[in-house]
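Undergrad: Here it is, the structure, as structure tokens.
The values are calculated or read from the model by the stated rules, or taken from the named source; none is laboratory data. Computed from a predicted model, the values in this text were never measured in an experiment. Using ideal geometry, Cβ is built from the backbone for each residue, glycine included, and neighbour counts are taken over all protein chains shown.
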There are 2 protein chains.
Amino acid sequence: MSHPRGPLAQLRRGHEELVLELLRKHGPLSRGELGKLCQLSRTTLYDILAGLVSTGAVVTATQQDAPRGRGRPAETLTLNPDAGQAIGIDFARRAVHVAAVNLAHEVVGSASAPHPADLSWEERVDLADRLVGSLTDGGLRLGALSAIGVGVVGPVGWPEPEDDPAGLGPDEPAHPVQVLLSSRFGVPVLMDNNTRLAALGEAIWGAAAGGLDVLYLRLSHGVGGGLVVGGSLHRGAYGLSGEFGHITVDPDGAPCDCGGTGCLETVASIRAVLDAYRAAGGRAGDVPELAKATRAGDETALTLLEGVGATVGGVLAAVCNAIGPSVIVVGGELAETGAALIEPIERALRAQVMPVSRHRLSLRRATLGEAAGALGGIALVLHESPLLSRYPAGPDLASGLIDETERATRPTRQERQS
Amino acid sequence: MSHPRGPLAQLRRGHEELVLELLRKHGPLSRGELGKLCQLSRTTLYDILAGLVSTGAVVTATQQDAPRGRGRPAETLTLNPDAGQAIGIDFARRAVHVAAVNLAHEVVGSASAPHPADLSWEERVDLADRLVGSLTDGGLRLGALSAIGVGVVGPVGWPEPEDDPAGLGPDEPAHPVQVLLSSRFGVPVLMDNNTRLAALGEAIWGAAAGGLDVLYLRLSHGVGGGLVVGGSLHRGAYGLSGEFGHITVDPDGAPCDCGGTGCLETVASIRAVLDAYRAAGGRAGDVPELAKATRAGDETALTLLEGVGATVGGVLAAVCNAIGPSVIVVGGELAETGAALIEPIERALRAQVMPVSRHRLSLRRATLGEAAGALGGIALVLHESPLLSRYPAGPDLASGLIDETERATRPTRQERQS
């Protein structure tokens, strides 16, 4: 998928945004009122409005309270409250998560369903479609859906450098799920790595809401993360940004799945931590059991997490010195061990980050849980689709969101048992 | 200095850019021709043109070859070839460097002069003014100068986080040189750290010309650097981006000037390297002597630089895994030791960066030398001033630039002797 990027296409996009922004701010307006506010020529404005009406983003209505007998009643234009929804889908390893927003950028629902790891892409898309359907029954209409933002596991197919010397990124759909979804919904499908999208979700609706420069670290089966730079998702030249899990912490350490040696992931993934705990004589089959051991004051667990936290904090300090974020968000299942891990992370971070940065950094636990990736997908659409390139600041949405998430995920759990 | 940032101000800036872009592309145009090409309303276009003519960016001319006797001859509009120059000034610790471009974004000259480290800001600005004067004698006219981009040593005054929770950056001139220059030249003065500006300069006109995601490391009296992300200078939340010199490489290492311990700067600054060389029995008073020793095959020097390079390469690998650049540029006087340092840097970098990134990374020596910061200042103006927000790709300029730099710096050397 490519958007036209010349000055005229950008200008048209700017005009569309301006009109949508004015309607969002002022409510229903006549063409004359819009013309005064936006300062576009009549021809240009009518052209832009025709486009917005044809996509269903804007609807016309006849003003009922206009004085009669003085020519045609004035027609007003207003945002279509049921239109222009953006959908985010996170295709995680063993679950699909979806979330949706309306044109006012309010999160109107989210839903999740687990599945076996070997489910085909066709079946995953079917599952996503059913989840989206469960949201639309709750009042959404997808007739004017503008785009879908999708997160997937692993690097998203970027061209090799020899085919793309300037690092401009992919021009063609590179992933089967992109093809499946765009043919099913008939809209553009934007795609990125789901951990990176979780970073964007946390920066807009979660723990770092309102933060423009955010570092997100996920400690899960793998160790990864993402960067938000100046409010936008950072990708790097070849889509390989945020690979904190593959920063070397011990050149003589264990081999890593990436082909490297002694990466952070060999020390701080769920498996690495549980293996180390069991090797030290501890007993825990999963993270909740390890968390329980730390809460019971198990010295083996506490010492282990102290060491893991120190290593993680050192890596975060190095990255902070390089990019100077204002907020660091730590998520993933391992963060559920709480203070036993977070406190040593924070101590090492503050010890090793430049002294001038120490009091400027805020370290926080992630708050969006499993919905983070899907919400990040929506944020991607709001940032990058031609029509919807703005989003409101997060806190208002985030407070409403938690209820919506809980409500919307309940039917999904029933669905899973049926 | 703050620019208006609302949708209407952005739109106006977009219109101005569009008009300048069309004049750059098509040459002289009548108002009617411009109207057809830009699709703006007559009122809007005339308003934009009046602004551009009043700042001197655009000039009007009567078309001489228009048929007579058919009303007034058509007036055409064209870019003012002598107008809209942007100037970059790098106030380094012991020298001032200046460079200038015309409205077509061609580098038209650069000049440098050394000075004692304790020179006052007033005297440094006088010196910069004389250097700019030496360029204007060479054909520049500053009547329509649009902005000055300035680099200074150390962090540029950013507000404390409590005064600026969103990390939006400074609103007021924070530096005496900004006040002095803007009152002398009567134009906006944009400012940033000069090492970061050198990163931008190298990314646009130097070793990484055309690269959108560039990591620049400077190994000098201090160790620092800068990041270019998506073609723009990266600042971080509080202007503390690119502090690679303060990434911890040995938690038990030497104390650093920043207040930390075992920072890269304690291992890889000029002083650290020369001290270590002398402690190991070598004799070198400065970097050129050290470089000479390595070229003569001095084992002490080669072993030392091997170790320093391995440490530097490890830090670069960590930062690359975090931000995924396509090009790494290494500059600063210590890079003058050449392969003895660069090769071990490259070996450690490639050993420790994620295997999937290894063949995507290009490590290069900086090419702009002492002009990098001043050129970066110009780039800042081209990126951030309202009128001049685009720049052409680098290679064409870079080839012309080298001659201009050499020619223009010669009088300065005479000046220094007088």
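Undergrad: Within the range B:22-50, can you find the residues that are at pLDDT below 85 and more than 9 Å from chain A (Cβ to nearest Cβ)?
TA: Hits for the range B:22-50 are B:LEU23, B:ARG24, B:LYS25, B:HIS26, B:GLY27, B:PRO28.
Undergrad: Right, another one. In the set A:PRO67, A:PRO155, A:PRO116, which member is under 28 Å from B:PRO355 (Cα atoms) and either at pLDDT 70 or above or over 19 Å from the mean Cα position of the chain (by Cα) (or both)?
TA: Selected residue: A:PRO155, the only one of A:PRO67, A:PRO155, A:PRO116 that is under 28 Å from B:PRO355 (Cα atoms) and either at pLDDT 70 or above or over 19 Å from the mean Cα position of the chain (by Cα) (or both).
Undergrad: Could you please find all residues in the range B:317-357 being on the phi > 0 side of the Ramachandran plot and more than 11 Å from chain A (Cβ to nearest Cβ)?
TA: If the condition is that a residue be on the phi > 0 side of the Ramachandran plot and more than 11 Å from chain A (Cβ to nearest Cβ), then B:GLY332, B:GLY338 are the ones that fit.
Undergrad: Continuing with the same structure: As an exercise: evaluate A:THR136 against (1) in a loop (DSSP other than H, G, I, E, B); (2) modelled with pLDDT under 75 and give the number of the one condition it does not meet.
TA: (1)
Undergrad: Would you mind finding the one in B:VAL19, B:VAL96, B:VAL59, B:VAL53 that is among the aliphatic types (A, V, I, L, M), out of contact with any helix residue (DSSP H, G or I) (no Cβ under 9 Å at 6 or more places or on another chain), surrounded by 14 or more Cβ atoms within 10 Å (Cβ to Cβ) and at pLDDT 80 or above?
TA: B:VAL53
Undergrad: Read through the list (1) closer than 30 Å to A:ALA57 by Cβ; (2) buried (at least 24 other Cβ atoms within 10 Å of the Cβ); (3) in contact with a Leu (Cβ under 8 Å, 6 or more places away or on another chain), then give the number of the only condition that A:HIS383 fails.
TA: Only one criterion in (1) closer than 30 Å to A:ALA57 by Cβ; (2) buried (at least 24 other Cβ atoms within 10 Å of the Cβ); (3) in contact with a Leu (Cβ under 8 Å, 6 or more places away or on another chain) is unmet by A:HIS383, namely (2).
Undergrad: Counting only residues that are over 20 Å from B:ALA203 (Cα atoms) and hydroxyl-bearing (Ser, Thr, Tyr), which one in the range B:300-326 is surrounded by the fewest Cβ atoms within 10 Å (Cβ to Cβ)?
TA: The extreme case among them is B:THR303.
Undergrad: Run down A:GLU343, A:GLU336 and say which single residue is in a helix (DSSP H, G or I) and under 21 Å from the mean Cα position of the chain (by Cα).
TA: A:GLU336
Undergrad: Restricting to the range A:70-93, and then to whatever is modelled with pLDDT of 85 or more and part of a loop (DSSP other than H, G, I, E, B), can you tell me which residue is surrounded by the fewest Cβ atoms within 10 Å (Cβ to Cβ)?
TA: A:ARG93
Undergrad: Within the group B:GLY297, B:GLY230, which residue is at pLDDT 95 or above, in the same structural domain as B:VAL327 (by TED's automatic domain parsing) and surrounded by fewer than 22 Cβ atoms within 10 Å (Cβ to Cβ)?
TA: B:GLY297 is the lone residue from the list that is at pLDDT 95 or above, in the same structural domain as B:VAL327 (by TED's automatic domain parsing) and surrounded by fewer than 22 Cβ atoms within 10 Å (Cβ to Cβ).
Undergrad: Still on this structure, I have one more. How many residues does the range B:351-366 hold that are touching a residue at least 24 places away in the same chain (Cβ under 8 Å) and part of a helix (DSSP H, G or I)?
TA: Adding up the residues that qualify gives 4.
Undergrad: Still on this structure: Any idea which of (1) over 29 Å from A:ARG350 (Cβ atoms); (2) free of Cβ contacts under 8 Å to residues at least 24 places away in the same chain is the one B:CYS258 doesn't satisfy?
TA: Result: B:CYS258 fails condition (1) only.
Undergrad: On to the next question. Does the range B:327-338 contain at least one residue that is more than 18 Å from B:ALA207 (Cβ to Cβ) and at pLDDT 95 or above?
TA: So far as the range B:327-338 goes, no, none of its residues is more than 18 Å from B:ALA207 (Cβ to Cβ) and at pLDDT 95 or above.
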